[in-house]
1. Please identify the pairs in which a residue from segment 118-140 that is in contact (Cβ under 8 Å) with a residue 24 or more places away in the chain has its Cβ atom under 7 Å from the Cβ atom of a residue that is polar (S, T, N, Q) and open to solvent by 20 Å² or more (accessible area, probe 1.4 Å), counting only partners at least 6 apart or on another chain.
2. Hey, among the residues in segment 206-215 that are in a loop (DSSP other than H, G, I, E, B) and of a type outside the set (Val, Ile, Thr), which one's modelled with the highest pLDDT?
3. Residue check: is residue 293 in contact (Cβ under 8 Å) with a residue 40 or more places away in the chain and either open to solvent by 60 Å² or more (accessible area, probe 1.4 Å) or hydroxyl-bearing (Ser, Thr, Tyr) (or both)?
4. Across segment 306-344, which residue is most open to solvent (accessible area, probe 1.4 Å) among those that are of a type in the set (Val, Ile, Thr) and assigned to a helix (DSSP H, G or I)?
5. Out of the residues in segment 267-276 that are surrounded by 15 or more Cβ atoms within 10 Å (Cβ to Cβ) and not polar (S, T, N, Q), which is nearest to residue 339 (Cα to Cα)?
6. Note down all Cβ pairs under 8 Å where the first residue falls in segment 161-172 and is assigned to a strand (DSSP E or B), the second is of a type in the set (D, E, K, R) and open to solvent by 10 Å² or more (accessible area, probe 1.4 Å), and they're at least six residues apart or on different chains.
Amino acid sequence: MGKPKNGKKPADSAQSAAPAQGAEPKAEKEYKDNSFKLGLKHTGAAALEVGALVVTEKPVMKIILKSDEPSQAELQQWVDRFAALDPNSRDRIMELAAHQKAVSHGALAKIVGKRGEQLQEKLKIPEGVKMEDAWELMLVLESNSVEFEMKGGMYLSVLCLGISHLKHSCSPNALLGMGKEAGTIELRALKPIAPGDEVTVSYLGEPDLMVPTSERQAYLKKRWQFRCVCERCGAPDMLRAFKCPKVNCKGLVYANSAGDGMEACIECGKDLAPQQTQDFFRAEANCKKHHDELKTELLKAAGSLQMAVEARNGDGLASASEVAISTLSKAVHIYTTNRQVDPSHYAIAGLATAAASPNSRPMRRLASK
């Protein structure tokens, strides 16, 4: 699995924050939890308000990617940039947390193999760089580099020595973004952060945060090779909401964090019988079966409506409206025939989000899904 480097001295480039020691590593074949990263804590004397600057940092390396997956030529750029760094910067990059093998279906494994079997064949290792260091660099980049989408469909990919220690949370209290000062990356508070609190970010884009716990967990394991143990992942799954079956109760029943059962009603405390749980999951499956198709249709309809309005195209607006109304009618039919599912359930609420936000673009990381 992974190779935490918690025994080494952590990088300290990020200002006003200090790394916190992670947990002892587990067996290699097991998925580690978020502690494979050292973490960063707010060490200031005063609490940080929403929007406050937590840290700012200049990347130690950065390149421009032509797509959201690095190519062989772009991996070569990383190695060449690494070779040009001073010895101290190289050493600090090697201290960053990394796994012992690449993500199975990620860009790195596709190009040079899960364990770097084709590294020497595919990349030219610069003079003064050891083969094992070049492979370690690739693993560090896969776990720590962050991408920001740019105009023209390209991405700025950066590696920061301090910010790389940040742990993931599905309910983060901070957000990474481009800094006001050219060439810098900023970390700003999404929630109030008290002195001593750990600062966390989401490795997932916004759309991926709006899916059930089991799906987030599966993707995090597949992409970053760890098991998320954040507070949200340990709580009832608020995105999978159902109506309490008790007569006259307006409470909600949520799926449990494992995704294979139901919690008691939050209003009356009623526990569902096994048959009721099966019926609820069956209704949920009916909604989910059409969710992706309807979401795609709504995204297209919303985009067409927006373009027609901007172009003042009456015929286009009428046509797009018909498509939108037809799609919404399908969604209403699905909901009315599966009444156990509450409108706040992600499979229903997500359709409204799709209709309202056709142009949302989340931040991306080094490897794609």
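1. Final answer for the pair search is 122/72; 123/76; 124/76.
2. Of all residues in segment 206-215, those in a loop (DSSP other than H, G, I, E, B) come to 210-212.
Within this subset, residues satisfying the condition of being of a type outside the set (Val, Ile, Thr) are 210, 212.
Working: 210: 88, 212: 94.
Among residues in segment 206-215 that are in a loop (DSSP other than H, G, I, E, B) and of a type outside the set (Val, Ile, Thr), the one modelled with the highest pLDDT is 212.
3. Working: in contact (Cβ under 8 Å) with a residue 40 or more places away in the chain: no; either open to solvent by 60 Å² or more (accessible area, probe 1.4 Å) or hydroxyl-bearing (Ser, Thr, Tyr) (or both): yes.
When the stated conditions are applied, residue 293 does not pass them.
4. The qualifying residue most open to solvent (accessible area, probe 1.4 Å) is 325.
5. For segment 267-276, the residue satisfying everything is 272.
6. Going by the 8 Å Cβ cut-off, the qualifying pairs are 167/198.
Rundown of residues vs (1) open to solvent by 60 Å² or more (accessible area, probe 1.4 Å); (2) part of a strand (DSSP E or B); (3) on the phi < 0 side of the Ramachandran plot, yes/no style:
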{"residue": "195", "(1), (2), (3)": "yes, no, yes"}
{"residue": "204", "(1), (2), (3)": "no, no, yes"}
{"residue": "217", "(1), (2), (3)": "no, no, yes"}
{"residue": "222", "(1), (2), (3)": "yes, no, yes"}
{"residue": "230", "(1), (2), (3)": "no, no, yes"}
{"residue": "241", "(1), (2), (3)": "no, yes, yes"}
{"residue": "253", "(1), (2), (3)": "no, yes, yes"}
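The values are calculated or read from the model by the stated rules, or taken from the named source; none is laboratory data. Predicted model, so just to flag it, every value in this text is computed and none were measured. Please note: Cβ atoms are built from the backbone with ideal geometry, for glycine as well, and neighbour counts cover all protein chains shown. Heads up: the accessible areas ignore ligands, DNA and RNA and are worked out on the full protein's heavy atoms, side chains in. Shrake-Rupley method; radii C 1.70, N 1.55, O 1.52, S 1.80 Å.
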